[in-house]
1. Of all residues in the range 135-161, which are within 11 Å of the ligand (Cβ to nearest atom) and not in a helix (DSSP H, G or I)?
2. Consider the range 47-89. How many of its residues are assigned to a helix (DSSP H, G or I) and crowded, with 17+ Cβ neighbours inside 10 Å?
3. Here's a check for you: in the range 9-31, which residue that is within 12 Å of the ligand (Cβ to nearest atom) and assigned to a helix (DSSP H, G or I) is surrounded by the most Cβ atoms within 10 Å (Cβ to Cβ)?
4. Kindly evaluate L41 against the criterion of being more than 12 Å from the ligand (Cβ to nearest atom), closer than 20 Å to R126 by Cβ and part of a loop (DSSP other than H, G, I, E, B).
5. From the list D135, D164, which residue is charged (D, E, K, R), touching a residue at least 60 places away in the same chain (Cβ under 8 Å) and either crowded, with 23+ Cβ neighbours inside 10 Å or under 15 Å from K196 (Cα atoms) (or both)?
Amino acid sequence: MSRSRLNAYLKHGQFLVKGWLLPGAPEAIIRLSDEQRSANLQGGVAEIGVYHGKLFILLYLLGSENEPAVAIDLFSQQELNIDNSGAGDLERLKRNLFRHADTSRLLIHEGDSTQLTSKDLLRFSRGPLRMISIDGGHTADITAHDLATSEGALIEGGIIVLDDCFNEMWPGVVDGVHKYFSQQRTIVPFGIGANKTFFCHGPFARQYADVLRKLDPRSIEQEFLGAQVVYFNFAPWSFSGWYKKVDAWRSLRRVYHDTLSHLYRYSS
Ligand SMILES: C[S@@+](CC[C@H](N)C(=O)[O-])C[C@H]1O[C@@H](n2cnc3c(N)ncnc32)[C@H](O)[C@@H]1O
């Protein structure tokens, strides 16, 4: 898809779509996708838990002509939504996607993700996937199930992006991660930031962690699930932290103080 549509979505479009996407998440996902592209990796993209498409549209815009984009959500079957993590809306998703991209590569699966296997996902995307976002049900069991489905459908060098793993409101997600990683897996975490936790096959972890490290000069190394991960932080600097760093503000503050003390001296 054209880079200009992607840029337009980043700049304006994303703010017109209801959903959850913290600053920094799009940038990280785009850089990681570019890294996959520079290694000539090809494969579909998918999201489990699409809602109105805020992140899904970004994934879609990162895909090329022959890469299907699979949207999985309960949509109209909200009676199966056991933790009320938002109610997906198929009509809104289609409208949003049409407005900001197109729908030519779209494949929709309406239903409970826990009824899906990796084989189903591979069938939907006509082959292994290179980027899968998990943001559906937020219980431990659903998270563990969605991780298993995704791992089994991931291409070598593919990336899984898990939402809310460290969100206090959804402790089920990290419980599900620990449950899933209580056994040996082929994927490892390599990055955490902007409410997303990133996983890939072991041999690619260092390369992808480097991509995230370059994005944030303040990034730090941590250990999670026995693996080295990069923690990046895109939260805007606080006003006080920011203005201290800007020379213009410093000189303005000096002028202000000098003027005040000058006035004080002559008025007393
Ligand atoms: C937090 S929202 C997703 C937000 C979305 N990723 C975004 O970019 O804004 C969670 C979504 O998961 C869907 N969902 C919940 N449980 C599900 C399940 N068991 N299977 C499939 N989808 C599910 C809900 O319908 C809802 O649309």
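What follows is calculated from the coordinates using simple rules that are stated; it is not laboratory data. Fair warning: this is a prediction, and the values are worked out from it, not measured in the lab. When we count neighbours, we look across all protein chains shown, and the Cβ atoms used for this are built from the backbone with ideal geometry, even at glycine.
1. Let us first name the residues in the range 135-161 that are within 11 Å of the ligand (Cβ to nearest atom), namely 135-139, 141-143, 145-146, 149, 161.
Answer for the range 135-161, where residues must be within 11 Å of the ligand (Cβ to nearest atom) and not in a helix (DSSP H, G or I): D135, G136, G137, H138, T139, V161.
2. Taking the range 47-89 first, the residues assigned to a helix (DSSP H, G or I) are 54-62, 78-80.
In the following step, the residues that additionally are crowded, with 17+ Cβ neighbours inside 10 Å were identified as 54-62.
Within the range 47-89, residues that are assigned to a helix (DSSP H, G or I) and crowded, with 17+ Cβ neighbours inside 10 Å number 9.
3. Looking at residues that are within 12 Å of the ligand (Cβ to nearest atom) and assigned to a helix (DSSP H, G or I), I get I29.
4. On the way: more than 12 Å from the ligand (Cβ to nearest atom): yes; closer than 20 Å to R126 by Cβ: yes; part of a loop (DSSP other than H, G, I, E, B): yes.
When the stated conditions are applied, L41 passes them.
5. On the way: D164 fails: touching a residue at least 60 places away in the same chain (Cβ under 8 Å).
On inspection, the qualifying residue turns out to be D135.
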